[in-house]
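Laboratory data are not the source of any read-out in this text; all were calculated from the coordinates shown. What you see is a predicted model; the values in this text were computed from it and never measured.
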Amino acid sequence: MKKILIIAVGLILVLGLSFAPATVKATPILDFGIIAPTAGNISYAGGAAPLVGAGISVDNVVGLGTPLNNGVTVDLPGYFLNFSSGNFTGSTSNSWIFGPGGSISIANGVTLLSGTLTSASVIAAGGTFKVAITGFNDTKYEPMLNFYGLPTDVPYVGNFNLSFNATGLPPGAFRSTEVLSGDITNSPIPEPATMLLLGSGLIGLAGFARRKFRKN
């Protein structure tokens with residue numbers, strides 16, 4: 001009976017430690033900067049067409065909260081953002097909404113980032129000013145990840161917001177007359193370490209209990 005009580009107390013301790021608040025580390029971010037004015041264009045052809053961005057200059061990248069070279073900015077001469085969303089799915093009085101799909105990349109011979117858009121929308125603020133907002137999943141150029149000390153074997157998620165000028169209101173077509181500024185932020189997806197620790201702790205405790213009972 002005493003041994004069973006000890007095992008029960010051990011189980012409670014494992015559960016308590018597993019669900020106790022852990023030290024929260026800030027998620028590292030790669031932030032690609034787009035500085036106004038910039039080359040390129042953003043357009044929507046109308047109907048079921050996707051949102052498209054082509055030849056948009058990306059000026060630099062900086063690591064924020066990264067294990068290595070935190071805060072170090074690297075210039076990216078000649079690199080461009082290109083993207084295409086899924087098809088147009090609907091609108092509100094001041095926004096266009098697009099489905100998931102399509103692609104996104106930042107490249108100049110070397111592809112620093114490539115992936116798929118998970119969401120996209122354009123918000124109209126006033127007569128011409130508009131903001132494109134997207135979410136995406138991607139993979140990255142391994143030497144860049146190594147420079148910032150980031151993992152190379154996990155998926156990444158990100159988003160970008162990009163302002164531009166274009167005439168037109170939802171749900172009509174538009175094409176930018178000028179691309180302004182914005183940024184593209186990106187982070188590794190964290191592993192569910194807490195649940196892994198909980199599982200391994202319970203498995204170890206169960207094995208200990210079995211060995212104890214077999215001896216009796």
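Some notes on this structure:
- Taking 0.36 nm per residue of sequence separation and removing the Cα-Cα distance, the A49/I133 pair yields an extension gain of 28.6 nm.
- Over the range 28-192, all Cα pairs binned in 10 Å intervals from 0 give whole-percent P(r) values of 11, 40, 32, 14, 2, listed from short to long.
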